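Rule-based calculations on the coordinates, nothing more; no lab input. These numbers were taken from a predicted model, which means no experiment stands behind them. Note that we place each Cβ from the backbone using ideal geometry, even for glycine, and neighbour counts take in every protein chain shown.
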Number of protein chains: 2
Amino acid sequence: MSSKKLPAGIIRSDARLMDGRTIRYYDTKGQTRTAVDQRSSEEQPSIGEMRLDPLNNEWVVIAAHRQGRVFLPPKELNPLAPSKPGSLTEIPESDYEVVVFDNRSPSLAAPTSSFKAIDDPDFSSPAIASAGKCEVICFTSDYESSFKDLSHLQIRTVLEAWRDRTAELSELSYIEYIAAFENRGEEVGVTLNHPHGQIYAYSYLPPKTQRMLEVATAHKKKSGNILLEDILARELSDKVRIVAENEHWVAYVPYASRYPFEIHLAPRRRVPDFLALDEAASDAFAPIAKEVLTRLDGVFGVKMPYIASWHQAPVRTGRDLLSLHWQIASVRRAPGKLKYLAGSESAFGAFMMDLKPEQSAAQLRDVAL
Amino acid sequence: MSSKKLPAGIIRSDARLMDGRTIRYYDTKGQTRTAVDQRSSEEQPSIGEMRLDPLNNEWVVIAAHRQGRVFLPPKELNPLAPSKPGSLTEIPESDYEVVVFDNRSPSLAAPTSSFKAIDDPDFSSPAIASAGKCEVICFTSDYESSFKDLSHLQIRTVLEAWRDRTAELSELSYIEYIAAFENRGEEVGVTLNHPHGQIYAYSYLPPKTQRMLEVATAHKKKSGNILLEDILARELSDKVRIVAENEHWVAYVPYASRYPFEIHLAPRRRVPDFLALDEAASDAFAPIAKEVLTRLDGVFGVKMPYIASWHQAPVRTGRDLLSLHWQIASVRRAPGKLKYLAGSESAFGAFMMDLKPEQSAAQLRDVAL
């Protein structure tokens with residue numbers, strides 16, 4: 001047990017789970033977290049491997065131990081609920097605000113001390129251990145809630161948890177990139193309906209981040225400018241795709257969006273990652289996040305499936321080129337219809353969009369709040 | 001009306017549909033195709049636009065006219081069936097073997113003569129017309145059939161149609177890449193259950209092809225070798241992931257596969273595209289294609305959803321670096337479970353696989369034929 005003070009009066013308390021994993025409670029009322037995990041101990045799965053896909057020089061993680069993981073359990077077996085006598089879950093306490101714990105079936109895991117990354121992988125690179133960390137973040141103990149229904153304080157607590165995890169994971173020598181994302185809805189493959197997200201700390205630059213870094217580097221060289229600053233300036237000048245704004249954040253449907261409903265949320269003042277986000281911008285996030293997600297659910301009056309992903313600068317490179325922003329993408333294109341990534345998108349990476357970004361932005365703006 | 005002799009005794013006959021689109025019949029028995037499209041004329045949708053996604057310098061096609069297209073119609077309204085009195089479809093004839101017709105709601109369309117591609121697009125590139133061609137290929141007139149149930153002659157006819165389309169589309173000045181793919185199963189978003197595929201001719205290199213070309217170029221420079229030849233040599237030497245072989249083709253689960261069941265089928269003698277595939281390899285495709293798809297459906301004893309995509313060398317570049325091969329990817333990981341591309345895959349491009357490629361290959365080999 002240990003505890004630590006974070007911004008906004010939030011206290012982090014750590015505890016151990018039965019198999020040695022760590023759980024971190026993020027609290028706003030000075031709670032003491034002493035509950036012991038009563039479950040019997042269980043062996044941790046061994047680390048998987050990464051193999052290089054030679055057709056595009058991208059790592060693919062093979063985590064065969066994940067095949068048997070929990071799949072849409074009934075509410076009474078929800079592993080993300082607080083524990084009750086007779087119903088022991090991943091969270092030993094009988095209540096919580098926000099928790100982050102190490103994933104029980106991680107795709108990426110802490111490597112042995114002999115781990116060595118491969119800098120410039122190619123066809124002849126051997127398979128290596130899939131080094132990294134996978135954590136689960138529960139946004140609330142309320143199974144029926146949703147990110148958009150959280151209070152401002154609750155969202156600020158989630159943001160502090162993201163910031164805290166980014167800070168701590170950035171210090172691990174084998175971590176190159178930290179991603180936080182939420183998958184919502186069975187339509188995008190969610191296996192647990194409890195409001196939660198994931199934190200993935202990769203020992204390599206994920207392919208899309210690497211590509212973004214290459215493009216931002218070329219843009220800097222050509223124009224002298226920071227790519228995301230130019231993007232934000234264009235969105236503000238075009239106006240037609242803006243969905244919501246406040247003093248510190250701008251939400252827009254991107255000029256070349258790939259999903260029927262896609263929203264990017266960026267701070268007005270560019271920062272590389274959560275660590276550099278100041279107090280005022282941190283406070284201003286909750287109201288605009290709630291607004292944007294409420295507009296999204298309002299378009300068809302149904303709970304929209306989405307993937308909401310935080311993009312940050314990598315830990316060790318491109319700190320002045322890549323920028324913190326939130327990408328929310330929904331595959332729902334009409335009340336009974338989803339967009340699927342079929343042949344052109346999935347096999348060739350060529351996206352075809354059925355909806356004009358300007359039209360989708362207007363539909364989002366027209367939602368009565 | 002015009003007709004043309006193709007290899008294997010196949011005759012192509014062309015006809016016009018009511019709105020000016022072309023339909024091509026590929027026949028093996030010397031049929032005459034004279035049926036006139038009886039439907040009333042309809043305006044063709046206007047061409048859409050392509051915008052550059054500035055975060056990764058990739059074109060996104062915006063085809064807003066596609067939103068209202070036909071969605072899983074009942075069998076009696078199947079637009080890919082032959083026409084009958086009182087039931088007029090996309091195919092005016094009362095029967096057919098294989099047909100290819102211009103898509104009624106194309107994402108990519110023939111540009112005006114003033115179209116000019118943008119060679120090295122970046123943030124400041126303007127939107128341009130989404131030049132290209134989208135065609136539909138019907139593998140059989142039998143709604144209940146499937147690619148794997150076609151006869152050898154029928155599959156050869158489909159292959160000749162792919163080859164013929166590649167030849168003709170390659171001659172258009174604005175076409176850079178020709179892809180042929182089949183999406184099967186409502187799980188991957190198929191909107192028409194009739195056995196059919198699509199042919200997309202792009203006016204740009206699709207992002208995944210561009211990446212493959214960069215990697216193959218670097219591999220050639222470093223090793224002097226052709227990437228796909230080295231990949232095939234490794235699969236043949238490792239043996240454990242081979243699924244099927246014949247004198248001209250090898251089917252394997254790739255070393256770093258991304259989907260629970262993924263099979264690549266490559267000719268033993270490397271060719272850039274369909275045009276260079278010789279008579280013997282063309283004839284040997286049908287039996288191994290049927291075997292591979294039958295094994296895929298046999299793994300769980302259910303019709304598997306899949307995306308089967310033909311990768312070729314681009315029309316004008318990388319002809320000696322990229323190679324014809326067929327990638328079949330299924331998202332079904334267990335009888336009741338699908339793999340979804342969630343946060344890590346979809347937002348960051350980092351693939352996590354639950355199944356070892358060697359295990360998946362063994363399951364495919366173990367299917368009793």
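Just a few scattered comments:
- Between A:ASP19 and B:ALA167, the FRET efficiency from the beta-carbon distance, with R0 = 60 Å, is close to 0.50.
- For segment B:245-360, with +1 on Lys and Arg beta carbons and -1 on Asp and Glu, the positive-most of B:PHE300, B:ALA334, B:VAL250 along the dipole: B:ALA334
- Lysine pairs meeting the criterion (Cα under 18 Å, 8 or more apart or interchain), as found in segment A:209-365: 6
- Qualifying aspartates and glutamates (Cα of each under 16 Å from Cα of A:LYS116; at least 8 residues distant if same chain): A:GLU49, A:GLU176
- For segment A:116-170, GluC sites (Glu not before Pro) meeting the loop criterion (DSSP other than H, G, I, E, B) and having at most 15 other Cβ atoms within 10 Å: A:GLU144.
- Closest-to-axis residue of chain B (Cβ criterion, axis taking B to A), whole Å: B:LEU341, 3
- At 7 Å out from Cα toward Cβ: B:ARG39 inter-copy label distances (nm, ascending): 5.6
- Förster radius 35 Å - calculated FRET efficiency between A:LYS239 and A:LEU153, Cβ distance, rounded to 0.05: 0.60
- Taking the Cα centre of segment A:6-111 as reference, the dipole from Cβ charges on Lys and Arg (+1) and Asp and Glu (-1) amounts to some 160 debye.
- Distance between the pseudo-spin-label points of B:SER125 and A:THR217 (7 Å out from Cα toward the beta carbon): 2.0 nm.
- The loop-placed trypsin sites (Lys or Arg not before Pro) in segment A:90-167, going by DSSP, that have at most 13 neighbouring Cβ atoms within 10 Å of their Cβ come out as A:LYS116.
- By the rule of a C-alpha distance below 27 Å, with chain neighbours fewer than 8 residues away ignored, the lysines paired with A:LYS4 are A:LYS29, A:LYS84, A:LYS133.
- In this rough spin-label picture, where each label sits 7 Å from Cα along the Cβ direction, the A:GLU187-A:LEU369 distance is 2.3 nm.
- Qualifying trypsin sites (Lys or Arg not before Pro) in segment B:5-79, where qualification requires a DSSP coil assignment and no more than 15 other C-beta atoms within 10 Å, comprise B:LYS29, B:ARG39, B:ARG69.
- Sequence of A:GLU171, A:GLU186 once ranked by neighbouring C-beta atoms within 10 Å, starting from the fewest: A:GLU171, A:GLU186
- Think of each Lys and Arg Cβ as +1 and each Asp and Glu Cβ as -1; about the Cα centre, that makes the dipole of segment A:209-365 roughly 460 debye.
- Karplus-derived HN-Hα couplings along segment B:204-216 (A = 6.51, B = -1.76, C = 1.60, θ = phi - 60°), whole Hz, x at Gly and Pro: 8, 7, x, x, 6, 5, 4, 5, 4, 5, 4, 5, 5
- In the assembly of identical copies, B:ASP283 has its label point, taken 7 Å from Cα in the direction of the beta carbon, separated from the corresponding points by 8.0 nm (ascending, one decimal).
- Cα lying deepest toward the dipole's positive end in the protein assembly as shown, options A:GLN363, B:ILE226, B:GLN363, charges on Cβ: B:ILE226
- Theoretical FRET efficiency, 1/(1+(r/R0)^6), r = Cβ-Cβ of A:ARG39 and A:SER145, R0 35 Å, to 0.05: 0.90
- For segment A:8-69 versus segment B:199-260, the gap between their alpha-carbon centres in whole angstrom: 35 Å
- Cα gyration tensor shape of segment A:209-365, rounded if a/c is under 1.5, else prolate or oblate by comparing a/b with b/c: oblate
- Between this copy and the others, label points of A:ALA117 are 3.6 nm apart in ascending order, each placed 7 angstrom from Cα in the Cβ direction.
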